[in-house]
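Here's the structure we're looking at; comments come further down.
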């Protein structure tokens with residue numbers, strides 16, 4: 001299958017998670033095209049989509065939200081999974097659960113959503129980002145669990161393999 005892996009990342013931490021996912025899926029024989037959401041002009045030719053974003057102030061980045069809004073019908077027509085990466089030290093923490101995820105998942109028909117812990121390097125942040133982080137008392141460091149990212153990608157790959165092996169449903173007249 002040909003998979004679009006669209007990743008919105010401000011400081012490359014979420015992008016690197018996408019690279020792990022792409023490697024796992026490519027290792028299973030899938031063709032993976034990892035792109036920034038703003039570099040996706042069309043979903044033509046893709047059999048499945050993984051869409052992810054870094055989370056800032058409990059929201060996905062605008063580019064990821066825009067891609068989902070721009071291609072709602074096309075996303076609903078193929079298998080889609082979404083993921084988030086935030087600063088929370090615990091994946092269930094509300095700072096790593098964007099407010100719009102439930103509505104987004106419903107709107108595009110996503111088969112699943114996964115939140116992953118993120119990475120915080122204060123030196124790479126803007127003044128405004130550092131001010132927000134200070135208020136949230138986020139802990140500096142790389143809190144990403146790349147093994148969990150790879151495991152999730154493996155699960156998606158297994159599901160895609162089953163979909164590819166399923167007989168095509170007869171055309172309706």
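All of the numbers you see were taken from the coordinates with simple rules; none came from a lab. Since the model is a prediction, treat every value here as computed from it, not as a measurement. Neighbour counts are summed over all protein chains in view; Cβ atoms, including those assigned to glycine, are modelled from backbone coordinates with ideal geometry.
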Full-extension gain in nm, residue 150 to residue 166, via 0.36 nm per residue minus C-alpha separation: 3.3 nm
Separation of the residue 36 and residue 58 label points, Cα + 7 Å toward Cβ, nm: 2.8
Pairwise label distance in nanometres, residue 159 with residue 70, each label 7 Å out on the Cα-Cβ vector: 2.5
Pairwise FRET efficiency - residue 142 versus residue 26, Cβ, R0 = 25 Å, nearest 0.05: 0.60
Where labels lie 7 Å past Cα in the beta-carbon direction, separation of residue 2 and residue 111 in nm: 1.9
Extension gain (nm, one decimal) between residue 10 and residue 47, 0.36 nm per residue minus Cα-Cα: 10.6 nm
For peptides 16-23, 2-9, sequence by mean Cβ density within 10 Å, most packed first: 2-9, 16-23
